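The values are calculated or read from the model by the stated rules, or taken from the named source; none is laboratory data. Since we're looking at a predicted model, the values are computed, not measured. Positions of Cβ are generated from backbone atoms using ideal geometry, with glycine treated the same way; all protein chains shown enter the neighbour counts. Surface areas here come from the heavy atoms of the whole protein model, side chains and all, with no ligands, DNA or RNA. Shrake-Rupley method; radii C 1.70, N 1.55, O 1.52, S 1.80 Å.
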Amino acid sequence: MNFDYDLFVIGGGSGGVRAARIAAAEAGVRVGLAEASRMGGTCVIRGCVPKKLMVYASGFPDEIADARANGWDVTAGAFDWSRFRAALATELDRLEGAYRATLRSAGVTIHDARATLVDAHTVRLAGGASFRARHILIATGGHPFVPDFPGSELAVTSNEMFQLESLPKRALLVGGGFIACEFAGILNGLGVQVTQYYRGAQILRGFDDEARAHVAAAMRAAGIDIHVGTDVLELTRAGDGIHATATDGSERVFDLVMYATGRRPNTAGLGLESLGLRLGDRGEVPVDDWSQTAVPSIYAVGDVTDRVNLTPVAIREGHAFADTVFLGRPTRADHSLVPMAVFTRPELGAVGMTEEAARARGPVLVFSTSFRPMKSMFAGRPDKVLMKLVVDQASRRVLGCHIVGPDAAEMIQLAAVAIRMGATKEDFDRTVAVHPTMAEELVTMRKPTRVG
Ligand code: NDP
């Protein structure tokens with residue numbers, strides 16, 4: 001059979017780009033890649049990267065308060081959203097260009113078009129051209145999901161947040177996950193009056209309970225009005241803004257309502273059903289450990305498979321696919337012990353088991369400490385850092401680490417290495433502290449806070 005490409009990748013996001021680059025540059029095979037929107041995908045264009053830049057921007061009021069408390073004669077002044085947005089757009093253009101350049105220099109042919117599947121080896125571009133490929137990789141990512149309710153069309157999602165004409169005065173964020181909590185912190189830091197509705201009892205479900213409570217308390221202390229056990233019934237537009245009628249009987253008015261109620265895989269209209277591929281309940285492409293679908297020539301990586309929906313995981317899956325299929329190195333993407341960070345203010349970093357999950361598995365020792373970070377002492381801010389280790393009583397292995405505080409994301413990356421290596425509490429104890437730091441608490445906690 002004659003093929004135009006050895007690999008055709010649908011989707012130029014984190015997973016697709018990595019797979020295409022490795023296959024072309026390291027295996028030297030012919031690779032085509034189709035992207036309907038901008039190269040880089042959700043993470044680079046409307047996710048992790050612009051979000052983190054907004055997190056940085058939102059942190060300056062605290063920095064300025066610290067500076068003043070440390071003797072600097074500075075005042076915050078006003079935040080100019082349009083200036084920030086222009087700088088953000090320039091940076092995203094640069095990054096998109098870098099992605100394109102990397103792919104081109106690897107030898108990947110880029111098609112700026114939507115692609116659909118015709119059969120197990122054929123893709124068709126929106127413009128009409130078709131290509132035959134020995135292997136096809138679906139890496140189309142996901143999109144924000146907004147539930148159906150009266151007035152839902154008045155809500156925006158994270159997609160729109162980076163291109164707002166102006167910052168709202170009053171914003172409602174709906175959801176208690178990564179995105180709602182991160183944007184609550186960002187908007188709060190930028191001076192927006194923020195309300196957050198979450199349907200459950202505590203935000204950040206899935207994370208360690210003590211850490212969730214710590215983040216929620218800090219968010220509230222920063223002025224974010226979090227209402228748990230609360231959901232929107234209806235949104236209506238009236239003269240002074242968007243009226244939100246909620247399950248708690250309240251009606252509040254906002255200038256912006258953002259929904260962050262999960263994401264769904266981008267599989268609609270791809271042509272997968274016509275190939276006999278049955279999608280999962282959330283529309284995801286089911287794959288095995290090797291990211292292979294039920295159609296042997298078709299693979300899928302990243303959020304479209306709805307496994308662990310994080311950029312570094314999609315990158316690993318894309319790399320493992322290229323190693324397996326083109327480089328003769330069978331590699332399964334490893335989904336265990338994935339470190340995570342939520343860029344709330346303060347940040348939450350986590351790896352391994354929560355106290356609750358570890359307890360359900362067997363007896364544990366919990367080492368937990370909370371203290372005020374040195375940097376904000378002069379300013380007298382009440383923020384506290386949380387450092388926590390969950391240890392298996394029998395083996396003394398550290399099962400989980402949970403950090404809330406400035407730079408928690410940076411710290412958890414390193415704790416994750418030790419935990420992946422199977423570090424015991426004694427390994428942590430033997431490690432000499434770096435003083436004075438926040439992270440030193442991880443190696444100086446001697447007495448368990450809770451046992452059993
Ligand atoms: P999450 O799955 O993290 O959170 C969704 C939230 O919406 C939950 O609080 C959920 O409640 C709530 N929810 C779901 N459906 C409804 C509904 N019908 N009505 C009301 N509330 C609802 O999704 P996000 O949108 O925040 O983020 C999507 C994914 O993107 C994350 O899971 C993560 O994988 C990734 N991401 C990672 C980031 C990072 O690494 N820092 C940053 C941003 C995103 P409940 O808890 O009750 O289910």
Seminar exercise, completed: Within the stretch 152-174, residues being of a type in the set (D, E, K, R) and within 16 Å of the ligand (Cβ to nearest atom) number 2
Seminar exercise, completed: In the stretch 301-325, anything under 15 Å from ALA23 (Cα atoms) and under 24 Å from the mean Cα position of the chain (by Cα) is listed as VAL301, ILE315, ARG316, GLU317, GLY318, HIS319, ALA320, PHE321, ALA322
For this session: Please tell me if VAL451 is more than 30 Å from LEU187 (Cβ to Cβ), in contact (Cβ under 8 Å) with a residue 40 or more places away in the chain and open to solvent by less than 30 Å² (accessible area, probe 1.4 Å).
Result: no
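This table checks each residue for (1) more than 13 Å from the ligand (Cβ to nearest atom); (2) within 24 Å of the chain's Cα centre (by Cα).
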position: GLU96; (1), (2): yes, yes
position: LEU137; (1), (2): yes, yes
position: PHE149; (1), (2): no, no
position: GLY176; (1), (2): no, yes
position: GLU182; (1), (2): no, yes
position: TYR198; (1), (2): no, yes
Exercise. Does the stretch 242-259 include one or more residues that are outside any strand (DSSP E or B), within 16 Å of the ligand (Cβ to nearest atom) and among the hydrophobic types (A, V, I, L, M, F, W, C)?
Worked result: no
Problem set entry | SER82 touching a residue at least 60 places away in the same chain (Cβ under 8 Å), open to solvent by less than 30 Å² (accessible area, probe 1.4 Å) and hydroxyl-bearing (Ser, Thr, Tyr) | no
For this session: Could you tell me which residue of the stretch 184-196 is farthest from the ligand (Cβ to nearest atom), considering only residues that are assigned to a strand (DSSP E or B) and closer than 21 Å to PHE84 by Cα?
Result: GLN193
Problem set entry | Given (1) farther than 26 Å from ARG381 by Cα; (2) open to solvent by 20 Å² or more (accessible area, probe 1.4 Å), index of the condition ALA133 fails | (2)
For this session: Determine if the stretch 50-69 includes at least one residue that is under 24 Å from LEU310 (Cα atoms), among the aliphatic types (A, V, I, L, M), within 28 Å of the chain's Cα centre (by Cα) and open to solvent by 50 Å² or more (accessible area, probe 1.4 Å).
Result: yes
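This table checks each residue for (1) open to solvent by 10 Å² or more (accessible area, probe 1.4 Å); (2) in contact with a Leu (Cβ under 6 Å, 6 or more places away or on another chain).
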position: LYS384; (1), (2): yes, no
position: LEU389; (1), (2): no, no
position: ARG397; (1), (2): yes, no
position: GLY405; (1), (2): no, no
position: ILE412; (1), (2): no, no
position: VAL417; (1), (2): yes, no
position: ARG420; (1), (2): yes, yes
position: THR424; (1), (2): yes, no
position: ALA433; (1), (2): yes, no
For this session: State whether one or more residues within the stretch 218-226 are acidic (Asp, Glu) and at pLDDT 95 or above.
Result: yes
Exercise. Taking the stretch 335-355 as the region of interest, how many residues are of a type outside the set (A, V, I, L, M), away from the ligand (no atom under 12 Å from the Cβ) and surrounded by 15 or more Cβ atoms within 10 Å (Cβ to Cβ)?
Worked result: 5
Problem set entry | Residues that are part of a loop (DSSP other than H, G, I, E, B) and of a type outside the set (A, V, I, L, M, F, W, C), drawn from the stretch 41-80 | GLY47, GLY59, ASN70, GLY71, ASP73, THR75, GLY77, ASP80
Problem set entry | Single unsatisfied condition, ILE315 versus (1) touching a residue at least 40 places away in the same chain (Cβ under 8 Å); (2) part of a helix (DSSP H, G or I); (3) closer than 19 Å to LEU204 by Cα | (3)
Exercise. Within the stretch 219-240, can one find any residue that is within 16 Å of the ligand (Cβ to nearest atom), open to solvent by 50 Å² or more (accessible area, probe 1.4 Å), in a strand (DSSP E or B) and more than 30 Å from PHE367 (Cα to Cα)?
Worked result: yes
For this session: Test ALA244 against the stated conditions and say whether it is at negative phi and either buried (at least 20 other Cβ atoms within 10 Å of the Cβ) or polar (S, T, N, Q) (or both).
Result: yes
For this session: Filter the stretch 262-287 down to the residues that are among the acidic types (Asp, Glu) and within 16 Å of the ligand (Cβ to nearest atom), then identify the one that is most open to solvent (accessible area, probe 1.4 Å).
Result: ASP281
Exercise. Taking the condition surrounded by fewer than 23 Cβ atoms within 10 Å (Cβ to Cβ) and on the phi > 0 side of the Ramachandran plot, does GLY200 pass?
Worked result: no
For this session: Within the stretch 302-312, count every residue that is over 22 Å from ASP6 (Cβ atoms) and either in a loop (DSSP other than H, G, I, E, B) or more than 10 Å from the ligand (Cβ to nearest atom) (or both).
Result: 5
